[in-house]
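The values are calculated or read from the model by the stated rules, or taken from the named source; none is laboratory data. Since we're looking at a predicted model, the values are computed, not measured. Cβ sites come from the backbone with ideal geometry, for glycine too, and all protein chains shown count toward neighbours.
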């Protein structure tokens, strides 16, 4: 793999988008299935506004997708490769 400055910046921004304990927990719960913000907040144990803010950061970086259904917004994993990276790092930390 050979990085140029633009691709290195893109990778760094994606890693920053998931580099927070709450965001990692959110990704873990979204790995199960698509969920609305309230479900994500309940699963992770944070306020809905906190979950929404973290989801927004990850949506802006293309880590998750959002779709509106009536008054609810549902989030899902957009890029399974990000989950694979998360698992690799987790496995490494368990050693």
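Based on this model, can you work out whether residue 82 counts as closer than 18 Å to residue 18 by Cβ, assigned to a helix (DSSP H, G or I), in contact with a helix residue (DSSP H, G or I) (Cβ under 7 Å, 6 or more places away or on another chain) and modelled with pLDDT under 95?
Answer is yes for this residue.
To keep it simple, each residue is scored yes or no on (1) modelled with pLDDT under 95; (2) under 19 Å from residue 87 (Cβ atoms).
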position: 3; (1), (2): yes, no
position: 10; (1), (2): yes, no
position: 29; (1), (2): no, yes
position: 32; (1), (2): yes, yes
position: 36; (1), (2): no, no
position: 41; (1), (2): no, no
position: 44; (1), (2): no, yes
position: 47; (1), (2): no, no
position: 51; (1), (2): no, no
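In region 54-66, of all residues being out of contact with any helix residue (DSSP H, G or I) (no Cβ under 7 Å at 6 or more places or on another chain) and touching a residue at least 24 places away in the same chain (Cβ under 8 Å), the one that is surrounded by the most Cβ atoms within 10 Å (Cβ to Cβ) corresponds to 62.
Number of residues in region 1-37 that are within 20 Å of residue 54 (Cβ to Cβ) and not in a helix (DSSP H, G or I) equals 8.
Kindly provide the set of residues from region 57-73 that are outside any loop (DSSP other than H, G, I, E, B) and either touching a strand residue (DSSP E or B) at 6+ places or on another chain (Cβ under 6 Å) or over 17 Å from residue 33 (Cβ atoms) (or both), ordered by number. Even if it seems obvious, please write down each step before you answer.
Filtering region 57-73 down to residues outside any loop (DSSP other than H, G, I, E, B) leaves 57-60, 64-69, 72-73.
The answer is 57, 58, 59, 60, 64, 65, 66, 67, 68, 72, 73.
Annotation note: of 51, 76, 41, the sole residue that is surrounded by 12 or more Cβ atoms within 10 Å (Cβ to Cβ) and outside any helix (DSSP H, G or I) is 76.
Based on what the data block shows, is residue 20 within 21 Å of residue 88 (Cα to Cα), surrounded by 11 or more Cβ atoms within 10 Å (Cβ to Cβ) and either modelled with pLDDT of 95 or more or touching a strand residue (DSSP E or B) at 6+ places or on another chain (Cβ under 6 Å) (or both)? The answer is yes for residue 20.
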